[in-house]
Amino acid sequence: MGYRFPKTKYRVSSLTDPSKMRFQIQPAQEELTFLNEHNIKAGTFPASRRGEALLYDFHYSDISADLDIGAPDYVPLTTDPNAMRIPDSGEWVALTGLTQTWVGGEDRIWAIGWAQYGLVTTGSLTNFSVAGTTLTIPRVQFCLRVNGAIIPESITGTERPDEPSTFLAIPNEPVAKLASAFVTLDQRKTAGTGALGWHVRAARVQSVVSVPQGEVTVEFCARRVAPNDAQTSIGEIQPLYVFSRKACVIQMKRSGSGAFPDASLPPLTYPDDADSLSYATVYTSVLEPMKDTINALLPGNIQMWGLRREHIPTGGQVQEVKQSTQTSGDTTAIKYPGYGSDGDVTAGDWAEVQDALGNNLRVDGPWDYTQDPAFVLILANVAFTKASTTTGPRAEVYGVYALAGEFSSGTPFKDAGAEGFTNNPNVLPIAGAGLANRDCDGDVPLLMFYDFRTAPPADVVEFYRVIATWDGPGATGANTWDRGSIQVFHFRP
């Protein structure tokens, strides 16, 4: 509604005056080109307008690939055609299948990338050497790249990825050179610690940045840092592959895309003093153009930043955010059932991540996406302690975690690309007892998203959860964790 009130009020007995008629209409005509929160009442835009991505839009892609870890060596293989090798040349490369491009305005974006990488042993090396050089470790970094520019704060590792461990970081139990099971733990000789060095691990990076108007391209990139221990730089360079990987970019809209449209101006023709007042001069020439303009306003009719949150559909676009955390951990002896399993816990294929009191790491619903469609974003982190097996300590033992859920019917569901493998490279000597798998205390990040805006599941989702197993040689082993968290975001369409 207008907030400039006319000076004259017409009554049945009022004398017609073209000048006073102009004064009645002109304030409303002027306001139509500068509409703001004074003119539009709260709740004007219905919930159906959310389908136009009023506040957020989502750009995403995911690739699933099997690490194919199994007997006899229990190291990743390159049998899956979706696996991507990271070049050894050291330049940043975009992970295939994840690049997102769209045309937008001067917006903010929340970009998230997740990848499962693994070193693939070749040649004479058939397992992970815990005493190897940088030739036999991944030396990998990840980052986000927007319109060709690397986002510095998204780079994993340190500014100097080739740097060694801090000098004088000497272990408490040094190893004698004549020990039968020699493992070098001299931190002064541990090179390349500025980049990820675990043989098999999942990594997740995210950043919130501003983007310019026009075409926007977001890439999730990786590079392999060159070896820096020159004294042992001659030998087999073990190839590094990225397997399952995901990218999700949430476009937080701040303006329209393209040129800002001009305001729609009502084509009025005011009567002159000499004109006779009639239906044509009053309604057709003045009132009807005003009505048509009001009923077909363009974005240019509304001032930049002219609306407030009260004007968006009730409740906004964020429907719900739930979180569950744990401050203690547990262990599982269930062995990994294989790639593509459905995440069944009751049948013993997986264990649910829980704390020391038996509380499960999950976020409860229920959610009926046929009634309330949504884009679902799930983030989780588990503090991995170690994985071990009774066949003896070795780095080819894994803690495996995944994001999964269950329908109200009791049917479990899980995406194969939502599994995160972490090996146990922390093989340390114990005096008089040879080697042992010591605690690693590493983070396992997880990422999953479901676009239930246009293709919701027929069944009601009861909860989302984090599940775990172990993998490695032999039939008996364990995966131990210390704590964890899960966050579930629901965005309305």
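The values are calculated or read from the model by the stated rules, or taken from the named source; none is laboratory data. Quick caveat, the model's predicted, so the values are computed rather than measured. Please note: Cβ atoms are built from the backbone with ideal geometry, for glycine as well, and neighbour counts cover all protein chains shown.
Filter segment 301-327 down to the residues that are over 21 Å from Tyr464 (Cβ atoms) and either part of a strand (DSSP E or B) or among the acidic types (Asp, Glu) (or both), then identify the one that is modelled with the lowest pLDDT.
Glu310
Regarding segment 309-321, can at least one residue be identified that is more than 26 Å from Leu377 (Cβ to Cβ), surrounded by fewer than 13 Cβ atoms within 10 Å (Cβ to Cβ) and either free of Cβ contacts under 8 Å to residues at least 12 places away in the same chain or not basic (Lys, Arg) (or both)?
no
Tell me, yes or no, whether segment 423-443 has at least one residue that is farther than 30 Å from Phe128 by Cβ, assigned by TED's automatic domain parsing to the domain that holds Ser324, surrounded by fewer than 20 Cβ atoms within 10 Å (Cβ to Cβ) and modelled with pLDDT of 95 or more. Walk me through how you get there before you give the answer.
Within segment 423-443, the first condition is being farther than 30 Å from Phe128 by Cβ, and the residues that meet it are none.
No: zero hits.
Does segment 322-345 hold any residues that are over 24 Å from Thr390 (Cβ atoms) and free of Cβ contacts under 8 Å to residues at least 12 places away in the same chain, and which are they?
none
Can you confirm whether segment 466-477 contains a residue that is within 20 Å of the chain's Cα centre (by Cα) and not assigned by TED's automatic domain parsing to the domain that holds Val205?
Yes - at least one qualifying residue is present in segment 466-477.
With in contact (Cβ under 8 Å) with a residue 12 or more places away in the chain, within 25 Å of Asp372 (Cβ to Cβ) and in a loop (DSSP other than H, G, I, E, B) as the only criterion, which of Gly43, Gly90 stands out?
Gly43
Can we say Thr422 is within 26 Å of Val75 (Cβ to Cβ), of a type in the set (Ser, Thr, Tyr) and touching a Cys at 6+ places or on another chain (Cβ under 8 Å)?
Yes, satisfied.
For residues in segment 262-298 being in contact with a Ser or Thr (Cβ under 7 Å, 6 or more places away or on another chain) and without any contact (Cβ under 8 Å) to a residue 60 or more places away in the chain, which is surrounded by the most Cβ atoms within 10 Å (Cβ to Cβ)?
Ser285
Can you tell me which residue among Leu77, Leu55, Leu125 is surrounded by fewer than 22 Cβ atoms within 10 Å (Cβ to Cβ), touching a residue at least 12 places away in the same chain (Cβ under 8 Å) and touching a helix residue (DSSP H, G or I) at 6+ places or on another chain (Cβ under 8 Å)?
Just a single option satisfies the conditions, and that option is Leu125.
Only one of these conditions is not met by Thr101: (1) of a type in the set (Val, Ile, Thr); (2) surrounded by 16 or more Cβ atoms within 10 Å (Cβ to Cβ); (3) within 24 Å of Val249 (Cα to Cα). Which number is it?
Exception for Thr101: condition (2).
Any residue at all in segment 242-261 that's within 30 Å of Leu357 (Cβ to Cβ), of a type in the set (S, T, N, Q) and modelled with pLDDT of 90 or more?
The initial filter retains those residues of segment 242-261 that are within 30 Å of Leu357 (Cβ to Cβ), namely none.
The answer is no, given that none of the residues of segment 242-261 is within 30 Å of Leu357 (Cβ to Cβ), of a type in the set (S, T, N, Q) and modelled with pLDDT of 90 or more.
Asp330 versus (1) among the charged types (D, E, K, R); (2) under 30 Å from Pro473 (Cα atoms); (3) modelled with pLDDT under 80: which is the lone unmet condition?
(3)
For the structure I just gave you, tell me whether Gln116 is buried (at least 16 other Cβ atoms within 10 Å of the Cβ), in contact with a Gly (Cβ under 9 Å, 6 or more places away or on another chain), more than 19 Å from Val427 (Cα to Cα) and not assigned by TED's automatic domain parsing to the domain that holds Ala395.
Judged against the criteria, Gln116 is a match.
I'd like the residue in segment 223-241 that is outside any loop (DSSP other than H, G, I, E, B) and at pLDDT below 90 and, out of all such residues, is surrounded by the most Cβ atoms within 10 Å (Cβ to Cβ).
For segment 223-241, the residue satisfying everything is Thr232.
Looking at Thr391, Thr469, can you tell me which residue is surrounded by fewer than 19 Cβ atoms within 10 Å (Cβ to Cβ), over 18 Å from Leu119 (Cα atoms) and either in contact with a strand residue (DSSP E or B) (Cβ under 6 Å, 6 or more places away or on another chain) or in contact (Cβ under 8 Å) with a residue 12 or more places away in the chain (or both)?
That would be Thr391, the only listed residue that is surrounded by fewer than 19 Cβ atoms within 10 Å (Cβ to Cβ), over 18 Å from Leu119 (Cα atoms) and either in contact with a strand residue (DSSP E or B) (Cβ under 6 Å, 6 or more places away or on another chain) or in contact (Cβ under 8 Å) with a residue 12 or more places away in the chain (or both).
Looking at segment 203-216, can you tell me whether even one residue there is crowded, with 21+ Cβ neighbours inside 10 Å and assigned to a helix (DSSP H, G or I)?
Within segment 203-216, not a single residue is crowded, with 21+ Cβ neighbours inside 10 Å and assigned to a helix (DSSP H, G or I).
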